[in-house]
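Each reported figure results from applying straightforward, stated rules to the coordinates on display, with no laboratory input. Quick caveat, the model's predicted, so the values are computed rather than measured. Every residue, glycine as well, gets a Cβ built from its backbone with ideal geometry; the counts of neighbours run over all protein chains shown.
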Amino acid sequence: MAIKIFLSTWGMIFLAVSLDVFGAFVVKMKLNEMGAVNFGSVRILVSYFIPLAKSPLTVIGAVSILVSPIPYAIALSRMEVSIVYPMVVALTSLILLPLTIIFFKESFSFYKVIGILLVIFSMYFLTK
């Protein structure tokens, strides 16, 4: 019974975060490959997004992002929003930050370390 409760609460939070992180990661990977969006005209914008929409991995990533609210809603139905929402945001940040630093060579600084520590502390205090 305890496992069922865990899976329908924290398990759903972890699933929602995993889906969101995966989706954001693969979409960002394709966007990095394509370069920055040019807002010069509607035609240029459409010609940018057509290859993006044709990429199977990007479509899977977008679907992953679109599906992530389902386990999130399941967790919300069983837990307080004051815990679920901050946990989803915090866990997404904690997982995505190292991935972006490692794979996308995004910046890493002392302030990001402080931010990570503050997120971890806030997660701890929110669950007390």
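Dividing the summed -39500 (n - 2.57) terms of all DSSP H runs of n ≥ 4 by the residue count of the chain sets its mean residue ellipticity at 222 nm at -27500 deg cm²/dmol. In a simple Cβ point-charge model (Lys, Arg +1; Asp, Glu -1; nothing else charged), the chain has a dipole of about 100 debye relative to its Cα centre.
Of the peptides 30-42, 48-60, 91-103, 12-24, the order by per-residue mean of other Cβ atoms within 10 Å, starting with the highest, comes out as 12-24, 91-103, 48-60, 30-42.
If you take the square roots of the eigenvalues of the alpha-carbon gyration tensor of region 55-128 and sort them as a ≥ b ≥ c, do you get rounded (a/c under 1.5), prolate (a/b over b/c) or oblate? Here region 55-128 falls in the oblate category.
Net length available on complete extension from S47 to N32 is 3.8 nm, with 0.36 nm assigned per residue and the Cα-Cα distance removed. Derived value for the chain: Kirkwood hydrodynamic radius 16.5 Å. Basis is the mean of 1/r over every pair of different alpha-carbon atoms. Using only Cα atoms, find the angle between the long axis of helix 81-103 and the longest principal axis of the chain, and express it within 0 to 90 degrees, rounded to the nearest 10. The angle comes out at about 50 degrees. Between the listed residues I95, V113, Y85, the Cα displaced farthest toward the positive end of the dipole of region 2-126, a dipole computed from Cβ unit charges relative to the Cα centre, is found at I95.
Sum up the lysine pairs in region 2-126 that clear both bars: alpha-carbon distance under 22 Å and a spacing of 8 or more or different chains.
Numbers: K28/K54; K28/K105; K28/K112; K30/K54; K30/K105.
Lysine pairs satisfying the spacing and distance rule in region 2-126 number 5.
Considering just Cα atoms, how many Å³ per residue does the convex hull of region 1-57 enclose?
Details: hull volume 5.3 nm³, N = 57.
So the per-residue hull volume is 92 Å³.
Here L7 and V67 are evaluated by their C-beta separation; at R0 = 25 Å the FRET efficiency comes out at 0.90. Amide hydrogen proximity for E106: with H placed 1.01 Å from N in the peptide plane, the residues at 5 or more positions away or on another chain lying under 5 Å are I101.
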